[in-house]
Amino acid sequence: MAEYDLTSKLGRYFDRHLVFPLLEFLTERNIFDEKDILQAKYDLLQHTTMVDFQLDIYNKLHPDGIEPKDLVDKREGIVARFNELSEAVQPLLDAAVTEDAARLIENQRNSDSMLALDFLHKKFNIERSMVDDLHTFARYVYDCGDYSRAAANLGLYRALVPNNDKNMMSCLWGKLASEILMQRWDEAYDDLNHLKVAIENNNSRSPIDLLHQRTWFIHWSLFVYFNHPQGRDDLVQLFLNSAASTSTNQTNIYLNTLQTTAPHLLRYLAAAVIINPRKKNDRVLKELVKIIQQESYAFRDPITEFLECLYVHFDFDNAQKKLRDCTAVLNNDFFLIGCMDEFMENARLLIFETFCRIHRCITIEMLAEKLNMSPEEAERWIVNLIRNANLDAKIDSQGGTVVMGSQVLSPYQTIIEKTKNLFTRTQSLAHNSEKKKDTNANWHNYQTQQSQTNSGAVPSNE
């Protein structure tokens, strides 16, 4: 399973603290040698202040060794620095919990006002430099592994400074990481959306910096999207549905980011589409399969190959083989292991729906083989499917077959399907026509001005 493990690719775009849960997961799955994972943890801890954790890992790697003196000395320096920063921000923390200040700060959290800071300055003599120290302290305690205190301090910092503050982006990333590591998914979901808005509204960064920010965003979002109830809906919306709402002369920036820097995230996009019945429609599947084909040179795994076998080659035997491989992939993927049952149920449904489109009468034995089930299990599964999904089909128990009903659309529904995108296309054509008209007018004015300038510059024969 090491062939399909994405930890090394994902870890490049995670904060080092976010990599630890993935390494713990790999330890449980026994995919890699335990000593190699311990060494990876130790290397990650080298640039943090979690000395006790680092010493614990060192003792596991060297059971008979002596604790390194530099780590013991480092601990003393960390404690001293913590006390120094804590004392510097304590007046601000004490002032912020007073009744009037707390109420003002709470009311200001979603605004861009400086009223709370002005109030703290007038009543408690809190200087702006102390607010900057709060940001430094929050980063320090985060580095120490105290994520709860880091989240609280970063939340206070964000409420006290304007949106264009020099440390605001750092604050948003740190707050999101803290909530993820504490597994507070509702708070993390809100922070993720705040961060997305901040990235899109940041006009001061260069295009390459924005690409880097979006790349980190789509990687960090996996923690939230696969743990929050609305997450998988939003994941599909981020990459696919938003593309349908844009005009033809625009691109989906997050899909473009995935294709440019992170094609390996196709695994999670494909899984989210398969798992999520509300987003699993013909248009979304068609768009997803198109992207999978485009990026097949850069990334392939059993999940993407399953969809390719099913919707490109209509190879049901290979699709079934890939589905068995998907079981192993999901069982050993940190983000997808909790989706195993949903994935398998909905993947079988995709096979069933696709198979039924090209066959009117199917034997239960053949269908059971395609679904990797016994005939009895397949019959029960189909009965429940017909009952719950209101499929136009019936089972002939004597003949051991499933007979599909007519799938012909009514004339009314046919007209809707053919014209539902007409308004968007008309708007796009009108926009492009106006743009071309303005361009031609500007060009005509430019030529007229040039002609007048040239005729005035030509000397007379006299």
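The values are calculated or read from the model by the stated rules, or taken from the named source; none is laboratory data. Computed from a predicted structure; not experimentally measured. Backbone-built Cβ (ideal geometry, glycine too); neighbour counts: all protein chains shown. All accessible areas refer to the heavy atoms of the entire protein, side chains included, with ligands and DNA or RNA removed. Shrake-Rupley method; radii C 1.70, N 1.55, O 1.52, S 1.80 Å.
Brief remarks on what is shown
- Meets criteria (within 20 Å of LEU222 (Cβ to Cβ) and either in a helix (DSSP H, G or I) or open to solvent by 50 Å² or more (accessible area, probe 1.4 Å) (or both)) for ILE303: yes
- Where ILE362 falls short, out of the listed (1) in contact (Cβ under 8 Å) with a residue 12 or more places away in the chain; (2) open to solvent by 30 Å² or more (accessible area, probe 1.4 Å): (2)
- Only a single criterion out of (1) modelled with pLDDT of 90 or more; (2) out of contact with any helix residue (DSSP H, G or I) (no Cβ under 8 Å at 6 or more places or on another chain); (3) farther than 27 Å from HIS212 by Cα; (4) of a type in the set (S, T, N, Q) is not satisfied by ASN30, namely (1).
- Of the criteria (1) in a loop (DSSP other than H, G, I, E, B); (2) closer than 22 Å to TRP173 by Cβ, which one ILE126 fails: (2)
- The set of residues in the range 11-55 being open to solvent by less than 20 Å² (accessible area, probe 1.4 Å), without any contact (Cβ under 8 Å) to a residue 60 or more places away in the chain, farther than 20 Å from VAL329 by Cα and aliphatic (A, V, I, L, M) consists of LEU45, VAL51, LEU55.
- Total residues in the range 202-233 satisfying the condition of being closer than 21 Å to PHE20 by Cβ and open to solvent by 60 Å² or more (accessible area, probe 1.4 Å): the figure is 2.
- Elements of type helices (runs of 4 or more DSSP H) in the range 160-240, at least 1 residues being farther than 16 Å from THR257 by Cβ and assigned by the TED database to the domain that holds ALA272: 207-225, 231-236
- Count of the range 262-288 residues, restricted to those that are at pLDDT 95 or above and open to solvent by 10 Å² or more (accessible area, probe 1.4 Å), is 2.
- So ASP64, is it open to solvent by 80 Å² or more (accessible area, probe 1.4 Å) and not in a helix (DSSP H, G or I): yes
- Within the range 288-304, residues that are among the polar types (S, T, N, Q) have Cβ atoms under 6 Å from residues that are modelled with pLDDT of 95 or more in these pairs: THR304/LEU266; THR304/ALA270; THR304/ILE292, counting only partners at least 6 apart in sequence or on another chain.
- Residue within the range 93-101 that is of a type outside the set (S, T, N, Q), within 21 Å of ASN153 (Cβ to Cβ), touching a helix residue (DSSP H, G or I) at 6+ places or on another chain (Cβ under 6 Å) and without any contact (Cβ under 8 Å) to a residue 60 or more places away in the chain present: yes
- Qualifying residue in the range 101-118 (condition: modelled with pLDDT of 90 or more and of a type in the set (S, T, N, Q)): no
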